[in-house]
1. Would you mind checking the stretch 38-64 for residues with the amide N under 20 Å from a putative spin-label position 7 Å along Cα→C-beta of K158?
2. Quick check: residue separation of A167 and E112 times 0.36 nm, minus the Cα distance between them. What number comes out in nm?
3. Once fully extended, how much extra length lies between S44 and D231, figured as 0.36 nm per residue of separation less the alpha-carbon to alpha-carbon distance?
4. Counting alpha carbon pairs within less than 8 Å and at least 6 residues apart, what relative contact order, in whole percent, applies to the stretch 143-199?
5. May I ask you to compute the full-extension gain from E74 to E206, defined as 0.36 nm times their residue separation minus their alpha-carbon distance, rounded to one decimal in nm?
6. Could you list the GluC sites (Glu not before Pro) in the stretch 157-251 that lie in coil according to DSSP, counting only those with at most 14 other Cβ atoms within 10 Å of their Cβ?
Amino acid sequence: MFDKKNVILVLILIAIFGGIIAFNHKRPRPVETLSAYISSDSVSIQADNSGKIKSLSVKQDEKVQKGQVIAEIETSKSVVKSVDPSSQTHKPTEQEYENVAIMYKDGVISQEEYDKHLANLKKAETQSEKPVSQVVYTSHITKIYAPIDGTIVLNNLKEGDSITKEAILAKVNSSHKEVKAYFPVSTEKEIQTGREVNITVIKYPEKTFTGKINIVSEAESKGIPVTITFDEDTSNLDFQNGDSVIVKIKK
């Protein structure tokens, strides 16, 4: 036969555990997601012209500002130009021929000297009539500027390297960073624009950032996509595109 005291004790324990389970079931659980990451725009910088990199004004992972000179590209080319022959050589005049003839007639010069003078005059006259061309070398410097504020990522290039037109010289990762996250569809009622959130960036586990839900998009296979903006300036922090994040909605 069961002891009444033991039965009562068991019933009391069952009641207590049942109450705890019911309380935990009804208590609202925090809405959070691990499907979140840092999103930062990245803009490619292309070479406007083919040429050689004359100078690089920045280093890998250096902070840059929009409009800052990133590099200088020197484009060289050769052009063949026609030159007026008369501007390059002397064309003998009739008077020069007459003077040589007079000197020979007057015995000032010998037959041999006369023949040499006459040959030189004819040679000069022939050269003055030939078309003359010159190869002219020109160079042009093109400056490349940072399109946005951010961090520079060089494309394994250095000064003196050749680069073709429209080739990628570098990229700039924007200093404006957001969080992209996916919340379970079951939490739809909690996901609203303007809701405050706590953000934990995995590489900075000791710090909790705050932010707000800025955009809520239609649900898809991954869940409900949202865009979250930071309350504080994060431009000086080493956040990279794709860094893992935990987002928890504030109650």
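Each value in this text was obtained by applying a stated rule to the coordinates, not by laboratory testing. Everything numeric in this text was worked out from a predicted model, so none of it was measured. Virtual Cβ from ideal backbone geometry, glycine too; neighbours counted across all protein chains shown.
1. Taking a point 7 Å out along Cα→Cβ of K158, the residues of the stretch 38-64 whose backbone N falls under 20 Å are 51-62.
2. My answer for the length gained is 13.0 nm.
3. Computed gain between S44 and D231 is 64.6 nm.
4. Reported as a whole number, the value is 35 percent.
5. My answer for the length gained is 42.7 nm.
6. Filter output for the stretch 157-251: E159, E166, E206, E218, E232.
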